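These notes concern the structure reproduced below.
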Amino acid sequence: MWLAAMNETLMGFFVFLTLLLWLRGRHRWAAVSFLAALFSKESAVMVFLLLPLMDVLTNRGFQWRHYLLLLAPSIVFGSIFVLTLAGNFQVGNGTYLPGPQAGLVLLKSLHRLFWPWAYIVAIALLTVKNASPN
């Protein structure tokens, strides 16, 4: 395995574990796994999109108190990130610069992340959901 990409594998594992634990109703353990995913790679925040989507598609509905459990890992990670921001080499060398282009960069990045498979899966799920006789 390529050592430099180890964080991707770890994040994928912990995100998958978070989703699995969430489906089984073990929300506290899912929050712990989510914290590990966040510390593996910041893009683990996609869990905030995946969990509600998964709950809607499995007809579980929204139970806000369960989602509040995810705030604790997010606050811990966010606090440590902000406290160590001065030592972050990507902020220090100007790789991460806030500005008006940030929104466009975010949209392009999300599109590249989802292209093409997430779009295909979303269309398939919507087609199946709309075709089911409820």
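Picking from 82, 121, 56, 91, which residue would you name as being of a type in the set (Val, Ile, Thr) and touching a helix residue (DSSP H, G or I) at 6+ places or on another chain (Cβ under 8 Å)?
91
Looking at the stretch 107-127 only, could you name the residues that are open to solvent by less than 100 Å² (accessible area, probe 1.4 Å), of a type outside the set (Phe, Trp, Tyr) and in a helix (DSSP H, G or I)?
Those that are open to solvent by less than 100 Å² (accessible area, probe 1.4 Å), of a type outside the set (Phe, Trp, Tyr) and in a helix (DSSP H, G or I): 109, 110, 111, 118, 120, 121, 122, 124, 125, 127.
How about the stretch 47-71: which of its residues are part of a helix (DSSP H, G or I) and closer than 14 Å to residue 30 by Cβ?
Passing the criteria: 47, 48, 50, 51, 52, 54, 55, 65, 66, 67, 68, 71.
Give the residue that is least open to solvent (accessible area, probe 1.4 Å), with candidates limited to residues of the stretch 8-31 that are in contact with a helix residue (DSSP H, G or I) (Cβ under 7 Å, 6 or more places away or on another chain) and of a type outside the set (A, V, I, L, M, F, W, C).
Looking at the filtered set, the residue picked out is 18.
From the list 102, 44, pick out the single residue that is over 26 Å from residue 129 (Cβ atoms), surrounded by 10 or more Cβ atoms within 10 Å (Cβ to Cβ) and in contact (Cβ under 8 Å) with a residue 12 or more places away in the chain.
44
Which condition number in (1) of a type outside the set (Asp, Glu); (2) in a helix (DSSP H, G or I); (3) on the phi > 0 side of the Ramachandran plot is the one that residue 74 fails?
(3) is the only condition that residue 74 fails.
I need the full set of residues from the stretch 48-94 which are open to solvent by 90 Å² or more (accessible area, probe 1.4 Å) and among the small types (Gly, Ala, Ser), in order please.
Within the stretch 48-94, just 86 meets the criteria.
Among what's in the stretch 77-101 and is part of a helix (DSSP H, G or I) and modelled with pLDDT under 80, pick the residue that is farthest from residue 44 (Cα to Cα).
That would be 92.
Hey, can you tell me all the residues within the stretch 2-48 that are more than 23 Å from residue 60 (Cα to Cα) and of a type in the set (S, T, N, Q)?
7, 9, 40, 43
The values are calculated or read from the model by the stated rules, or taken from the named source; none is laboratory data. Keep in mind the model is a prediction, meaning the values are calculated, not measured. Please note: Cβ atoms are built from the backbone with ideal geometry, for glycine as well, and neighbour counts cover all protein chains shown. The accessibility values were calculated without ligands, DNA or RNA, using every heavy atom of the protein model including side chains. Shrake-Rupley method; radii C 1.70, N 1.55, O 1.52, S 1.80 Å.
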